[in-house]
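Asks: Sharing a structure with you now.
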Amino acid sequence: ENDMLWEETLSERTTATELSQASHISFSELDTPFSENTELPVDWSIKTRLLVTSSQPFTWADHLKAQEEAQGLVQHCRATEVTLPQSIKDPKLSTELRCAFQQSLIYWLHPALSWLPLFPRIGADRKMAGKTIPWSNDETMQHSLMSDWSVSFTSLYNLLKTKLCPYFYVCTYQFTVLFRAAGFAGSNVVTALISPTTRGLREAMKNEGIEFSLPLIEENDQKKKAHGTSMGLGEEQAISDEDEEESFSWLEEMGVQDKIKKPDIHSIKLRKEKHEVQMDHRPESVVLVKGINTFTLLNFLINCKSLVATSGAQAGLPPTLLSPVAFRGATMQMLKARSINVKTQALSGYKDQFSMEITGPIMPHALHSMTMLLKSSQSGSFSAGLYPHEPTAVFNIRLPLEKILDKEVVHKELTNCGLHPKTLEQLSQIPLLGKSSLRKVEMNDYMCNWRS
């Protein structure tokens with residue numbers, strides 16, 4: 001059921017007709033009102049697909065020369081800061097643009113198994129069905145895979161802790177974890193968000209001594225206390241139990257408590273468990289781990305037997321690690337990009353509509369880099385449809401802040417994290433999107449309209 005709940009319904013390949021239809025998404029068809037600014041809000045969800053449309057062609061993105069491809073790879077590995085002009089007169093002839101495009105498509109992955117789709121992992125059993133899994137009945141091979149994975153995971157965490165990696169994702173077949181370095185999302189310590197979670201996972205974390213919070217439940221509880229409005233999932237039970245105790249105290253004072261049957265401890269416990277289970281697999285179940293507890297979480301995940309599926313298409317396959325920077329055991333991968341030209345109907349007949357589709361695990365830094373690049377190549381005018389991996393949309397919740405961080409200090413400390421300064425500045429913003437994520441971006445004359 002969970003696989004069905006989170007399964008991605010978008011195909012990785014799109015026909016010209018679909019591209020044409022996608023370019024006509026209007027703001028009225030989306031849920032939330034648009035906001036206009038020169039910059040997009042930070043979006044910590046992973047996108048599976050980006051569909052860009054423009055009145056200007058994307059021929060500059062096709063058929064990169066060997067030298068341009070090589071230069072783009074070197075620029076990425078050396079974290080070269082590339083600043084493009086506001087507008088490029090002839091993008092097709094701009095080597096600088098084409099190299100920067102190559103640079104923005106790179107990401108790092110572990111494990112790397114070319115015949116298996118390693119993202120998304122939630123709901124991926126159908127896509128993996130029928131694939132060759134040589135380690136499914138080989139314990140020695142499974143142990144070797146997990147040993148290599150543990151080394152890679154630890155390497156990433158150490159890079160993150162020393163602010164040489166800005167963030168990374170751990171994608172399991174049941175949940176996703178976003179680790180962020182200190183300085184991001186307004187936190188002065190390393191943070192980890194886990195979504196979705198179950199009561200079993202939360203209990204296991206408690207038993208390992210991992211301190212965590214449920215930000216959405218706590219936020220709703222605060223709203224209830226402040227405004228006296230209806231309660232969120234999970235809080236109603238806690239309040240009702242308190243009210244119940246007060247009611248029986250009043251009955252005792254009246255001397256009629258014996259005529260009313262009071263629920264026993266077992267009944268109350270069962271009711272609490274029911275509410276906890278109702279929260280499972282929902283965005284409200286998102287868990288926040290902070291500071292030194294993230295290291296305990298690291299060890300917990302490395303030793304957690306339920307982290308890896310024991311049956312089905314993903315049996316014995318370690319979680320997918322995704323990062324914007326290189327780490328031990330990582331493989332360099334490329335997002336897939338293709339451009340398509342279609343005819344769309346206009347008042348005077350038909351006109352050319354140019355589209356570019358990018359697929360793969362599009363992480364926050366890549367989305368911002370691509371936006372900056374498109375701003376220059378398309379003369380500040382384009383529209384884009386964004387397709388998030390839904391379980392990661394909740395990573396945009398605002399964390400409880402203990403103090404306001406100095407932006408200049410944050411940027412200085414994260415200078416070597418591998419991000420372009422403008423991307424670092426954008427990702428350092430306080431998240432505003434809540435449980436939603438960006439789904440539509442439209443840029444006109446260098447001004448952004450966006451919807452979540």
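Please treat every number below as a calculation from the coordinates, not as lab data. The shown structure was predicted, so the numbers you read here are calculated from the model rather than taken from an experiment. All Cβ positions, glycine included, derive from the backbone under ideal geometry; neighbour counts span all protein chains shown.
Asks: Within 10 Å, count the other beta carbons around each residue, average over each peptide in 332-344, 437-449, and list them highest first. List each step's numbers first, then the result.
Replies: Numbers: 332-344: 15.5, 437-449: 17.5.
Taking the mean over residues of other Cβ atoms within 10 Å, the ranking is 437-449, 332-344.
Asks: What does the extension gain come out to for Ile430 and Arg398, with contour length at 0.36 nm per residue minus their alpha carbon separation? Intermediate results must be reported in sequence, preceding the final value.
Replies: Values: separation 32, 0.36 × 32 = 11.52 nm, distance 0.68 nm.
Stretched fully, the Ile430-Arg398 segment lengthens by 10.8 nm.
Asks: Set the bar at 30 Å for Cα to Cα. Now go through Lys161/Lys407; Lys65/Lys440; Lys351/Lys422 and name every pair that lies beyond it.
Replies: Details: Lys161/Lys407 19 Å; Lys65/Lys440 32 Å; Lys351/Lys422 35 Å.
Pairs exceeding the cut-off: Lys65/Lys440; Lys351/Lys422.
Asks: Also, quick follow-up: Output ³J(HN,Hα) for the stretch 210-217: one whole-Hz value per residue in order, computed from phi by the Karplus curve 6.51 cos²θ - 1.76 cosθ + 1.60 with θ = phi - 60°, and x for Gly and Pro.
Replies: 7, 7, 8, 10, 10, x, 5, 5
Asks: Ranked highest first by the average count of other Cβ atoms within 10 Å around their residues, in what order do 53-64, 165-176 fall? Walk me through the intermediate numbers first.
Replies: On the way: 53-64: 17.4, 165-176: 24.2.
Ranking the peptides 53-64, 165-176 by packing returns 165-176, 53-64.
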